[in-house]
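The values are calculated or read from the model by the stated rules, or taken from the named source; none is laboratory data. In this text, all values refer to a predicted model and were calculated from it rather than measured experimentally. Counting neighbours? That spans all protein chains shown, and the Cβs are built from the backbone with ideal geometry, glycine included. Note: areas computed on protein heavy atoms with side chains; ligands, DNA, RNA excluded. Shrake-Rupley method; radii C 1.70, N 1.55, O 1.52, S 1.80 Å.
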Amino acid sequence: MAARLPVRIIIISLFFSFGAALGFAQSVAQSVTQDVASVQSQENETPAGEQGAALKAVESEPLPEEDETEQPVELKKSCWFLTFGPMLLVNTDSKLSSAPSPVMYAGGIGFEAFRNKPLLFETRLSFFTNYYSFDGTDAQPSEVENRTATGLSFMIDATTGHEWRWGKNAFSVQAGLGILARIGVLSSGVASDDEGWSVSSSAGDDVSSINKWFWKDMHYLYPQILVSYMRNIPLGLRAGVEFRAYIPMGLLSGGGLDDSIFSLAAKLEF
């Protein structure tokens with residue numbers, strides 16, 4: 001009997017503890033229900049007109065607009081650039097003694113200065129090759145089948161002009177002078193003692209005559225006009241296209257369009 005007494009006490013204690021916990025939970029649930037009912041009653045008391053006005057105010061609030069205006073990149077005072085593209089060498093002489101106007105491809109590197117001034121300055125060195133033969137008087141562009149010399153040609157440009165800029169775009173017009181330094185070497189597959197333009201001359205003699213022609217009567221001087229369009233691209237670079245028209249000094253002295261050069265090239269500034 002004495003052993004059963006503590007067990008009865010424990011059971012009774014658990015019964016009362018469970019009852020107390022159940023009562024506490026009921027009181028918490030009643031309190032939460034009263035709070036929810038109070039909030040709902042406050043919402044119902046709010047006039048519908050005020051709610052609509054508040055909603056319209058939120059809807060009518062303007063969203064931040066993105067600035068679509070193109071901001072120009074800070075202009076460098078000077079830069080380097082690369083060019084590559086085709087060049088047309090005009091030849092109006094008889095096709096019996098020369099080739100049609102040949103198209104060459106030239107690559108160049110240049111430097112541009114004073115870009116923040118009204119007049120900018122640009123210089124460039126480009127390189128291309130072409131075949132030549134000699135007709136007894138002039139060096140003529142030649143087809144590969146009739147070639148005697150290969151002309152290694154270096155064009156040295158110096159121009160100045162103005163650049164107009166708007167947003168990320170730029171357009172420039174320049175004028176200046178080009179010096180065409182050409183060196184003729186015996187073409188591959190042609191022997192020095194092969195027959196030249198006449199039975200009394202050899203291919204080696206013709207190469208010597210071609211080199212003399214390159215440097216006489218100002219055949220190496222080319223006044224030029226340059227037009228270019230550029231656009232800013234990522235990484236602080238500019239890319240675009242340029243067109244150059246080279247007018248030989250022979251044209252100014254009545255020599256016609258022969259030896260005029262027209263160039264169109266892609267351009268990358270960095």
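Filtered by the rule that a residue be open to solvent by 20 Å² or more (accessible area, probe 1.4 Å), of a type outside the set (Asp, Glu), in contact (Cβ under 8 Å) with a residue 60 or more places away in the chain and touching a helix residue (DSSP H, G or I) at 6+ places or on another chain (Cβ under 8 Å), the range 102-147 gives a lone residue, Phe134. I'd like the residue in the range 202-228 that is in contact (Cβ under 8 Å) with a residue 40 or more places away in the chain and of a type in the set (Ser, Thr, Tyr) and, out of all such residues, is surrounded by the fewest Cβ atoms within 10 Å (Cβ to Cβ). Across the range 202-228, the extreme among qualifying residues is Tyr220. Of the residues that make up the range 151-160, is at least one under 22 Å from Asp93 (Cβ atoms), open to solvent by less than 70 Å² (accessible area, probe 1.4 Å), at pLDDT 90 or above and not in a strand (DSSP E or B)? Taking every residue of the range 151-160 in turn, none turns out to be under 22 Å from Asp93 (Cβ atoms), open to solvent by less than 70 Å² (accessible area, probe 1.4 Å), at pLDDT 90 or above and not in a strand (DSSP E or B).
Scanning the range 161-172 for residues that are surrounded by 14 or more Cβ atoms within 10 Å (Cβ to Cβ) and not in a strand (DSSP E or B) yields a single hit, Lys168.
Among the residues making up the range 96-140, those that are closer than 12 Å to Gly161 by Cα and among the hydrophobic types (A, V, I, L, M, F, W, C) are Ala113, Phe114, Leu119, Leu120, Phe121.
For the range 73-90, the condition of being under 23 Å from Leu235 (Cβ atoms), of a type in the set (S, T, N, Q) and at pLDDT below 95 holds for at least one residue.
Quick grid of which residues meet (1) touching a His at 6+ places or on another chain (Cβ under 7 Å); (2) surrounded by fewer than 21 Cβ atoms within 10 Å (Cβ to Cβ); (3) modelled with pLDDT under 85:
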residue: Met230; (1), (2), (3): no, no, no
residue: Leu237; (1), (2), (3): no, yes, no
residue: Gly240; (1), (2), (3): no, yes, no
residue: Phe243; (1), (2), (3): no, yes, no
residue: Ile247; (1), (2), (3): no, yes, no
residue: Gly255; (1), (2), (3): no, yes, yes
residue: Asp258; (1), (2), (3): no, yes, yes
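Evaluating Gly176 against the criteria (1) surrounded by fewer than 20 Cβ atoms within 10 Å (Cβ to Cβ); (2) modelled with pLDDT under 95 leaves one unmet condition, (2).
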